[in-house]
Structure formats: structure tokens, C-alpha cells
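Chemist: Have a look at the structure that comes next, please.
The values are calculated or read from the model by the stated rules, or taken from the named source; none is laboratory data. Just so it is clear, the model here is predicted, and its values are computed rather than measured. Cβ placement follows ideal geometry from the backbone for every residue including glycine, while neighbour counts extend to all protein chains displayed. Areas reflect the complete protein model, heavy atoms only, side chains present, ligands, DNA and RNA absent. Shrake-Rupley method; radii C 1.70, N 1.55, O 1.52, S 1.80 Å.
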Amino acid sequence: MPQNVMVNILATIHNNTYLLNGFESTAQSTMANYGNSILKATEKLVSIMVNNVKMDSTSINLPNLDIGIFKVGPNTTLTKIPQIKTSTAFLDIDLIAISKHNNGSTAVVFMTYSNMLNMLKPDTNTNAVKTMMSIVVTVMVLPISNNPSTVNHNPSPSRDIDYPHTSQTTDDPKMPLQVPYNVTLNNPDKYHQHYDASCVTWSGTKWVNGFCHVTWKNDSYTVCSCVHPETLALLMQIEDSVSDPTLELLDIIAESVGLVFLSLALLTFALCRRNTRLTNTAQINLCLSLLLAHLLFLLTQQFLQYIQPIQLACVTLAGVLLFLFLSAFVWMFIEAVLLFIAVRNLSNIRSKQKEVLSWKWLIIIGYVIPLVIVSVSAGLFPDGFGSDNCWLKKDEQFFWSFLGPVCFILTVYAEFQRITNQNLPNKFYAQLDHYTPRLMTMFRQKASKTGRVSDALVDILKAHDEQVYAEFQRITNQNLPNKFYAQLDHYTPRLMTMFRQKASKTGRVSDALVDILKAHDEQELHDVHTRRTTVLRALPVLLREDVLGFYKTSMDDPNEIELGDVPVALFVTGSENVDDPVHYHPVKVSIVLDSDVATKFCRLADAFLVLFGLIYGLHLNYPKGLTSTFEFVQKILLGLEDGKLSPKLQTIKNDLMV
């Protein structure tokens, strides 16, 4: 067939592809089949045309197809062939070296298609959002024969294998070229060199990775290197953000700092053991796995341009990285299990971690499990290793060989941690609360004596109000000052009425209430603090309790006088007559515990509140003689531990509800 006839056929084929591109509703797989048929027909016609071309270098330019052909024979005097160009791409190939393996006669065909993008679209059945960013290019290397009967009329015998569109110059069509070639492709407008772009090849049904890789790129051009004759293009993953050299530098610094601290942690676990009976095998191997994984990852990324062309090295590194990262997660899981067992056996003093599993068995479990996962995954998906970054190929199901075990381990690990974190505080606080009353008694007995230990215990018992509030909220889930003052102010009007009703009668209780109410009425300012002070002084009187040992008044500082044997008291330092029944403007109010001043306040209500919180939080007994007053605060004001009230408290509660 004359060359001009074949050119006309090619022009007819490619000038009418717009008819297929107009069917927007056609399924992607159907369009891929259309495009694949056009590629096959084009390659077959061009491969036949090669032997009919008389010139060593020929260019054919059609509206949608550019073809460049270059041939060398056994008697060529060339030492290097020139760059083969089309309007949108460049090919650099060492055809001289390739021809030496084919009796000295070889041709290369370089074709660029501008009409195939709509038919050969990226696979949409993946999580990655990708877009085509170049024209489609085909490179064919063909043998040349002067005998027309020996022309290869089926130049793509590898169409049904994993090396797409391969026309080899060797006897085995699966064999790669001895010398790689480079294809330079123009980048689209608004392209940035830090976008995640990859060279992909057409497999007959979809674009796949692994046969070509990017060796160089800038904002204008991208260079792909291949070792098989391919139909190839550039894909860009548009969902990834643009990388920044500054961020890449920070990544390197962060990885390096992490490696330093992982090394320190490994040395610490290996050399410093708190208990020789307990094994720290899990911690050591966890640090070791993470250290090796991050070190290998850092080195791989830094020397990626040298490793990536060596496919075996890239695949091996990906497998080793997968093994190390899986090992780290397995060791983390083992540590969680050991911690869970240790917490569960807290009640058994003789339980030892080594009674669960020896370090030898832990080593076997920690490394055999990830090794089995890697081996099985590699056997099921042999092409899953070796992405452009020498990691797992994300567009393969094989990637779940890493995500699957990791998700399972993290789920079980989180459940173990939840149970452990729940059991440990429960056991701790249950036992602590159980022994607290007896411990507090022992502390106070020791603190009442002399010596360095006793002095230290006295200082510890001098609790600060904020610490008391925090501990009270931990125990009861209530904000002590807010709840106390809100309830006290709520019941104050009714309590004042009850005080005045009782004061109108006769008797010792009535006389005491008369004195308190008289002092209240004589105050020039009746604010909330005045009413709170009156209620707290009058309430024990109404409940017929003895306040003489609890409320103490003096013009002197309690630290400067001999208090005697005072277990619990509120000491009011007054600036007025000490015989006044109530001091509304004291110099200070001190909490006295075991004859020692614990802390000081400006108002009686604040001191009373902190004392109540301290007694309740430490499970101490209420002051002797004021049990009803403190139970009134606990059960009626704060609503804690509602239970059966004493008759007089029940009467007070009923009166408050009127």
C-alpha cells in the first residue's frame, strides 16, 4: 500500500473521532474500548508504513496526529541520533545502542495524539481525583527488514500482557529495552512544578503506574523516563495541595528531631529498668521499629531520584517500610494488652508480667505477624509495591494490606485503653476512699505530736480554698461555692422569719436569738454578707446546738495565743467588743484544725464554706455538737446523699417549704 494511501486512512480515522467524543453519555469503559481500537489501528498502519519510508527521518503532520519516524541501518555512521520532535513533545532515545541488539537495523516511531483525551480518561473508580494534563504519546521500536515478507504486521504482540503497546526489537516481546528513553511533555497552563504529577501508561483498559516515572519537571515541561515502548501520558492528582520547599525542609527537621528522641527513648528503655522482674520488650521494640521505619523513610525520600529508576530497589524498600510500620503498630498493640493485664491483676500482688509471656514469645509475635501480612499481601498483589514515592500504590486494593491491619489494631487498642483508663481510676479511688477516714485519723494523731514528720503533716492539712473546691467538685460534680451561696441566699428570708418567730417566745434559745437579731438590726448596711453571717450564727442556735467550742472570738491573732485542745473551730479576730454575739466586720476569720491555724478569710461565710468542703472531701467527722448544722448544709442546702433526716432537721425542712 502506498504511503500516501495509508496517510489518508490515518487522517480519515482521526478526523472523525469527534463523532465518538460527542457521545457524552457513553460509559467510560466503552469510550476506552473505542480509544483502544483507534490506537491499535494507528500503530498497525504506522508499523507497516515504516518499511515503505525511504528516508531515514520522516515527519507526518495531521490535524489530530503527529508522527515522527527515525531509522538506522547496519551501515549507519551516526554516533547519536537527534531529538525526535512533534509540535507538543520531544523524544530522546539511544537508537544506535538499541539497533546493535537487532542486527543493526531498527526504527523508532514517535506519535502524539491531540484527540484521545476524552476517550482515554483516568479511572474514576478510585478515591484519588485525577485529571489528564498532557497529550497522549506512543513510542514504538520496530525491526527493519528489506524483505517485505518479513515485515511484522502485528507489532504489538504484548497487547494482552502487562506491558501495553510494546513493539520489541528482541525475540521476547516482554523484554524491556536495554537503554531507557525520555519523553518531554509540555505542561498545561497554570501548572506548578510542585503539583503531584505522575507518568502513566495505557494498559488497554485504563491508565496504570509503574512503567514510567518522572525524572525532572518545572513549570513548563515534565520529563518521563521509560524502559518499555509505551503509550503514555501525564496524570495530575488535583486534590493534593501544592507542596512548599519550606514545609519540606520542616518535614526533614521534624523527622530528624523525632529520630533523635526515638534514639534516646530506645536507650532509656534498654539501659534503665525500674524492676528487673518486669519486661520492657514491647517498649524497646516499638521504639526500634519506629526508629528504623522513619530513618529508612527519610533516606528514601532524600535519595528518591536515584532509587526510583531501579524498580527492584524501590519495590524492596516499599516492602521493608510496610513491615516496619506494621511492626510498630503490632508492638503498640502488645503494650496495650500487657498494660490491660497488669491493671486487671492489681489486686494480685504476686502477679508478674513475665508470667503472661516471656520476651522470646513477644519477639516472635511482634515480628512474625507483620511478616506474614507482608508476605501474603505480596503474594496476592505482586504489583502493589513501588509507587512513584517507593511506597504502596494507592490505586490498588493492596493498599488495604496496610490500612486494614492498622485500623483493626487501632480499634482494639482504643478499646483496651478505654477499659484500662476506666478500671485503674476506679480501683485507685475506691481503695483510697475506703481507707481515707482511718488514714486521716492516723495523720492527725501523728500531727498532734512534735517532730519533723508532725510539722509536715500539719502543713499538708492546711488546705487552700481552691484546692478544697476542686476536690469537692471531683467527688460530687458540684460547684461548692456557687451551690452553697445560691441555696443559702434562697432560704435566708424564710430562715430569718423562723428566727424571729422563735425569738418572740421565751427560753434560753429565744434569748440567744434575740441577741443575734438585735446585732443584725443595728447594722447600717444590710447586704448579702450581713444576712449570711446572721444565718450561720443563728442556725446552730435554732437547732439547739452548742456553738461555744466552735465559734471563738478574740481581739488577738490565734497564732499569738494559746488555743488549747481545739479539734475544729472558726476563730474570729474582732476589732470590736469580743462579747458581741456576732462580728460582722472581723479583722479575719481563721480555720483551726487540731489547735493549729490552717487558713484565714475575711468573712465568716467563706471560712464556714471551706471548712465544710474540707471535712466532706476528706471524710472527716463533723464538729462535735454541730452535727445537725453541717447535715443541714449537706442534705438540705446541697442535696448530697439524701436520706432519712433527724426529726428536728425534718421539721426545719418542712418549715422552709411553707
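Chemist: How much of the accessible area of the range 1-115, probe 1.4 Å, is carbon plus sulfur, in whole percent?
Modeler: 52
Chemist: From the backbone phi of the range 483-491, what are the Karplus-calculated ³J(HN,Hα) couplings (6.51 cos²θ - 1.76 cosθ + 1.60, θ = phi - 60°) in whole Hz, Gly and Pro given as x?
Modeler: Once rounded to whole Hz, the list reads 5, 5, 5, 4, 5, 4, 5, 5, 8.
Chemist: For a quick protection proxy, order the peptides 534-545, 493-504, 247-258 by their average other-Cβ count within 10 Å, most packed first.
Modeler: Output ranking for 534-545, 493-504, 247-258: 534-545, 493-504, 247-258.
Chemist: State the three equivalent ellipsoid semi-axes of the range 503-653, derived from the C-alpha gyration tensor as the square roots of 5 times its eigenvalues, in descending order and whole Å. Could the numbers behind the result be given before it?
Modeler: Numbers: eigenvalues 106, 90, 40 Å².
Equivalent-ellipsoid dimensions as semi-axes: 23, 21, 14 Å.
Chemist: Can you order the peptides 205-212, 554-561 by their average number of other Cβ atoms within 10 Å per residue, highest first?
Modeler: 205-212, 554-561
Chemist: Right, here's the next one. Please state, to two decimals, what the Cα-based radius of gyration of the range 568-658 comes to when divided by 2.2 N^0.38 Å (N = residues).
Modeler: So the range 568-658 has a normalised radius of gyration of 1.22.
Chemist: Counting every Cα pair in the range 491-541, what percent are over 16 Å apart?
Modeler: 31
Chemist: Now for a separate question. As a quick test, which of the pairs 40/217; 502/588; 624/653 have an alpha carbon distance above 24 angstrom in this structure?
Modeler: As for pairs spanning more than 24 Å Cα to Cα, those are 40/217; 502/588.
Chemist: Next up: Which pairs break 29 Å Cα to Cα here: 505/600; 600/644; 518/600?
Modeler: Cα-Cα > 29 Å for 505/600; 600/644; rest within.
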